[in-house]
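The values are calculated or read from the model by the stated rules, or taken from the named source; none is laboratory data. Computed from a predicted model, the values in this text were never measured in an experiment. Every residue, glycine among them, receives a Cβ derived from its backbone with ideal geometry; neighbour counts consider all protein chains shown.
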Amino acid sequence: MAEAVLSALLQVIFEKSTSETFETYALLRGTEKEMRKLQGVLSTIQAVLEDAEDRQAMDKAVKNWLIKLKDVAYDADDLLEEYMTEASRRRLESHDYKKLSRFILNEVRYFFSQSNPILFRYQMRNKLENIAERLDAVADERFKFHLGDRLADSRSQFPQRLQSDSYLLESEVLGREADQEKIVTLLLSSADQRDVSVLPVVGMGGLGKTTLAKLVYNDERVQEHFECRIWVCVSEDFDVKRLMKAIIESMTGNRCDLQETESIHRRVQELIRRLRFLLVLDDVWNDDQEKWDRLKNSVRHGSVGSKILVTTRSEKVALVTGTFAPYHLEGLSDEDCWLLFEHRAFKSGRPEESSSFIAIGKEIAKKCRGVPLAAKSLGSLMYLRRKRSEWLFVKDSEIWRLVEEENGILPVLRLSYDSLPSHLKQCFAYCSLFPKNCRINKDKLILLWIAEGFIQVPPGKSPEEVGNEYFNELLWSSFFQNATTDHDKNIMDCEMHHLLHDLAKAVAGSSCVTVEVSKRLSVPTGTRYLSVFCADNKIPRGSRNACKLRSFLLLSGHWKTAEVSRKLILSLKSLRSLDISNTGIKKISKSIGLMIHLRYLDLSSTLIKRLPNTVCSLFNLQSLILKHCTRLEKLPKDMRKLINLRHLNLSDCRLLNKLPNGIGDLRSLQTLPVFIVGKEASCSIAELQNLDLHGELEIRNLENVSNSRCSKSAKRANLKEKWNLQSLKLWWEHVDEVHVKENVEHVIEGLQPSFELKKLEIKNYVGSKFPGWLMNPCLTNLVELSLIKCQRCVQLPLLQKLPALEVLTINEMEATMYFCNDLQGNAGGNGFVSLKTLSIENMSNLLGWTTNGGQLILPSLKQLVIDGCPNLGSLPELPSVASMKLDDCSMDLLRMVTRITTLSDLIISGFSELVQLPQGLLKSNPSLLSLEIRDCLELRSFSGELQTLGPLQCLTISNCPELESFSELSGLSSLESLWIDRCDSLVSMPGGMTRLNSLRHVSFSDCENLAALPEAIKYLTCLQTLNIFSCPALETLPEWLGNLVALREMELCYCENLLRLPQSMQRLTALQFLLIRGCPCLEMRCKKDTGADWHKIRHIPFIKINGPYIQALSV
């Protein structure tokens, strides 16, 4: 990483050495000569550095010289940081007014302390002399290499910055249609009847194996054919235990904390036992047959037709893994390579003399040898080159004559890297700290770059803005890929291609290292940035080289990691970034206050309750991340001393009920998602006045803004001028006091946000009217609005005048009688033009949609929830609604649904007087895919319309005790799932169920009068899951149960009178899992090896009785 860091680092050191800060606080008194010498040597080295960087690839001596130079440069930077930290301390003291007696006492102590300015200057002079001598000695060695002076115009290192646009997120796939079709055909083939078959895809790095696998994985035919799809990135570390955990996490969407291999193995088999699955193993390097067999055996209990798709660069891996012949992926045609190159290189239009550029470009594209990654990377590179000579230079570059390096890095990728400016080189190399295939969070990465000093900030911009530009440049240049966005199209995270990760590791060298540790942390010589996989419960103590580290990122801590060694903290004295998040850490050593260089500290998702007050000595700290610290109770009292703090993330710290005094003194603060209003002036809402906050802000305990001048006090929060705030929550907690109710309307009036706000939530507001800024809407960019427990407000705001509003939630507003009080703005369909989701809940006095009886139109609404509105008797016009939930509402409202024809999902709940569904309710919505009917205590009939729902896939009937039969199921040819719960009168199912060929899952629960399984079920030969819960009248299971030859899973729970299993259970050869719980007779008869019914079930691989497995077979 020497060539990536040195140019930028030396420039930073020179700027620090000439800082006016030293003069302001008289820090250089007595050391001016040494500092001038340091500046002179830096200038001398910078003059020859470019030549040295160009020659290091061919001259090992020059490379070693650069490494020595880098080592001294880091130490020089640390020294100057000590100066800057002392300046911050003195700056803080100059504003910290104390009582005279205390001041005199402190001055006496101060003279004998390490912070004595005389002692400080003496120590720093010795250090500065040492650094200057070391640097001078290294500089003198340059004469041996005859390095030439090449002082380039520094502006040339800053090409015009590319702005983010939608193209950054587009997928570019060309020339792979035939490959996709062939692989999909092989995967869907039923010729191979093994339990699991393996298709390897082989090709050199960068050919697009992963991209092709993703095309196949997301192909509609594949999605329909396989019941479960699993994606696991493998890379070099073929650890079977890790891969099995990855399979579990892919299938469940949750982190797997199992540690024992046997438990993990069983969990995998339990998840896949009843499914035809597709497992993609991407980027496999392992050719160890034993390891492969262990992994393959763990997934052998899926359904026949399951497939594993392997992508690999190795022919040997393909031979070891495959049951199919390897599919060899070839390079793209020259034409497709040219199209990819052209799309990137000429994004903003072809230059003048385009024919000349096209001819050169086609020659460059040919040199990419059909590798799409190379074509995209070079196209991105040439986009910034607009001179013919620059294109010719690339075409004729010597690098094309190099063979592919041993680690698979294509020369063209190195060419793209070499063309980056130095500030982007170090940012890219730093990314090697993250493991392959992980999603890299953009905001976190940018904060780390800032903490490490990689961001060069021009006047008028913030470090975060410049960091975002850096990220976008690397994304556009194809160093990052597969970026994902949030609702507002902001990039959230990205990935690095395997080859580019290899390139980052190669250029970073020993500077950026990832290690796995247990007892002791071993830091390689020359390493400055370290990421750690911790295999022990305790983060180990540091080694001798730990004192040089600038980053320490814990990549895979777990909840058993409860402590950070004090010795480790003491050893990391040069650290800029410390990430020990997602662990069970409960406390931090006070020694953390000695990390004077620390800028980034991430303790999110830990069990920490309090931070030591020594944290407030970290004057350089920029980011303190405490999100999801659910046990955090208190912050250090002196946090106002953290004068450089820019990000204080307190999201989801629900036990925190007070902020320390003086948060408003942190003038650099941009991120503060939670502000808790206190009663004291030092933690009042006025603390927000001078903070330029970004992103989200949740203001709690607004009842504490309650004095006679509360409106003026609230205005001092200055929310109206916070243009960068996107989301605002205004919460009152304790609102029973009279003075709160008297002043609350004045308070909220003073809390007007800027018109740039996108999301607003108001909760527990006890005023009788909403503020003027909401009643006469000026929030023209508002996308989401929630009004919760505003129980005294009679009138809603003019919501139809919010042109960007997409999501609206209204809950527990007991005094409100009408949704819309003025239809002006809705005439001609101009109101609510963007509203897509509307939820109205617990509005007992809501009578109608408009005060004047006019017809309201919601033209774009897709989802409607109305819950707990018993007096609402009508619906607005809903031409586009697709999903609707009606719960505890009037019968008149339910009848109105018959006028709607566009529903695909419908939930009807809490209609206690409903005897039969209104005529036309189902018939008018023939495209329904999901229907749920719950808590309709008198329901007896579906009005003969259920059978008209041919496309229906899921039907749930719950707590309808008067429903006796389902005589209308025969027409549901697409039905896949049937869930019946608490239907006490159910005694029969229709014979027409024989036509339910798509039905896969049936569940009966709490059906008290169900004495026998409906005979119609015996015709469901495609049924895969049968669950029976709490049916006390059920005594036997029928012999025809053996007809269900496709059954894979069966659960029998709390059927206490069920006496035995049928003999035909032995015919259920596809059954993979049987659960018996709370069935005492069956428990006795199914005892392993000795029970009377054991012989009927012993063929089933997985059997659980009352909790533990009594059988878990593995192949």
Only unsatisfied item for residue 1027, checking (1) surrounded by 17 or more Cβ atoms within 10 Å (Cβ to Cβ); (2) at pLDDT 90 or above; (3) not in a helix (DSSP H, G or I), is (1)
Looking only at the stretch 1096-1113, decide whether some residue is without any contact (Cβ under 8 Å) to a residue 60 or more places away in the chain, over 25 Å from residue 1018 (Cβ atoms), of a type in the set (A, V, I, L, M) and surrounded by 17 or more Cβ atoms within 10 Å (Cβ to Cβ). yes
Residue check: is residue 854 in contact with a Cys (Cβ under 9 Å, 6 or more places away or on another chain) and either of a type in the set (Lys, Arg) or at pLDDT below 90 (or both)? yes
Looking at 658, 637 in this structure, which one is in a loop (DSSP other than H, G, I, E, B), touching a residue at least 12 places away in the same chain (Cβ under 8 Å), within 28 Å of residue 742 (Cα to Cα) and not assigned by TED's automatic domain parsing to the domain that holds residue 757? 658
Filter result (part of a strand (DSSP E or B) and hydrophobic (A, V, I, L, M, F, W, C)) within the stretch 212-255: 228, 230, 231, 232, 233, 234
Based on this model, can you work out whether residue 504 counts as closer than 22 Å to residue 344 by Cβ and either in a strand (DSSP E or B) or among the hydroxyl-bearing types (Ser, Thr, Tyr) (or both)? no
State which residue is farthest from the chain's Cα centre (by Cα) when the search covers only the stretch 807-822 and only residues that are surrounded by fewer than 21 Cβ atoms within 10 Å (Cβ to Cβ) and within 23 Å of residue 756 (Cβ to Cβ). 809
Output the number of the condition that residue 513 fails; it satisfies all remaining conditions of (1) modelled with pLDDT of 85 or more; (2) more than 24 Å from residue 12 (Cβ to Cβ); (3) not polar (S, T, N, Q). (2)
Criterion: under 21 Å from residue 181 (Cβ atoms) and among the β-branched types (Val, Ile, Thr) - qualifying residue of 232, 240, 198: 198
If residue 546 meets every condition in (1) out of contact with any Asp or Glu (no Cβ under 8 Å at 6 or more places or on another chain); (2) at pLDDT below 80; (3) farther than 18 Å from residue 432 by Cβ apart from one, which number is that one? (2)
Residue hits (the stretch 674-687; over 16 Å from residue 634 (Cα atoms) and assigned to a loop (DSSP other than H, G, I, E, B)) are 679, 680, 684
The stretch 235-270: number of residues that are in contact (Cβ under 8 Å) with a residue 40 or more places away in the chain and either in contact with an Asp or Glu (Cβ under 9 Å, 6 or more places away or on another chain) or among the aliphatic types (A, V, I, L, M) (or both): 7
Being in contact with a strand residue (DSSP E or B) (Cβ under 7 Å, 6 or more places away or on another chain), at pLDDT 80 or above and part of a loop (DSSP other than H, G, I, E, B) is the filter here, so list the residues in the stretch 982-1019 that pass it. 982, 983, 999, 1000, 1006, 1007, 1010, 1014
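Yes/no matrix, rows are residues, columns are (1) among the polar types (S, T, N, Q); (2) in contact with a strand residue (DSSP E or B) (Cβ under 6 Å, 6 or more places away or on another chain):
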| position | (1), (2) |
| --- | --- |
| 613 | yes, no |
| 619 | no, no |
| 623 | yes, yes |
| 645 | no, no |
| 661 | yes, no |
Scanning the stretch 1030-1039 for residues that are surrounded by fewer than 20 Cβ atoms within 10 Å (Cβ to Cβ) and either at positive phi or assigned to a loop (DSSP other than H, G, I, E, B) (or both) gives 1030, 1032, 1033, 1035, 1038
Pick from the stretch 365-391 the residues that are aliphatic (A, V, I, L, M), modelled with pLDDT of 75 or more and in a helix (DSSP H, G or I): which of them is farthest from the chain's Cα centre (by Cα)? 365
Does the stretch 289-312 contain any residue that is modelled with pLDDT under 85, in a loop (DSSP other than H, G, I, E, B) and over 26 Å from residue 224 (Cα atoms)? no
Residue satisfying all of: in the stretch 268-283; under 18 Å from residue 306 (Cβ atoms) and within 25 Å of the chain's Cα centre (by Cα); surrounded by the fewest Cβ atoms within 10 Å (Cβ to Cβ) among these: 271
How many of the residues in the stretch 712-753 are more than 39 Å from the chain's Cα centre (by Cα) and either modelled with pLDDT of 90 or more or of a type in the set (S, T, N, Q) (or both)? 1
State yes or no: is residue 201 touching a Lys or Arg at 6+ places or on another chain (Cβ under 7 Å) and in contact (Cβ under 8 Å) with a residue 60 or more places away in the chain? yes
Any chance you could count how many residues in the stretch 677-697 are surrounded by fewer than 19 Cβ atoms within 10 Å (Cβ to Cβ) and over 26 Å from the mean Cα position of the chain (by Cα)? 6
Can you find even one residue in the stretch 500-521 that is farther than 30 Å from residue 563 by Cα, touching a Gly at 6+ places or on another chain (Cβ under 7 Å) and not assigned by TED's automatic domain parsing to the domain that holds residue 284? yes
Just checking: which of the helices (runs of 4 or more DSSP H) contained wholly in the stretch 22-124 hold 2 or more residues that are touching a Lys or Arg at 6+ places or on another chain (Cβ under 8 Å) and at pLDDT 65 or above? 32-55, 60-94
Are any of the residues in the stretch 836-855 in a loop (DSSP other than H, G, I, E, B), β-branched (Val, Ile, Thr) and within 28 Å of residue 909 (Cα to Cα)? yes
Please determine, by comparing only the residues of the stretch 313-330 that are in contact (Cβ under 8 Å) with a residue 60 or more places away in the chain and part of a loop (DSSP other than H, G, I, E, B), which one is surrounded by the fewest Cβ atoms within 10 Å (Cβ to Cβ). 330
Identify all residues within the stretch 637-666 that are basic (Lys, Arg) and over 17 Å from residue 618 (Cβ atoms); write none if there are none. 654, 658
Restricting the first residue to the stretch 1013-1032 and requiring it to be touching a residue at least 40 places away in the same chain (Cβ under 8 Å), which pairs with a second residue that is part of a loop (DSSP other than H, G, I, E, B) and among the small types (Gly, Ala, Ser) meet a Cβ separation below 7 Å and a spacing of at least six or different chains? 1024/1046
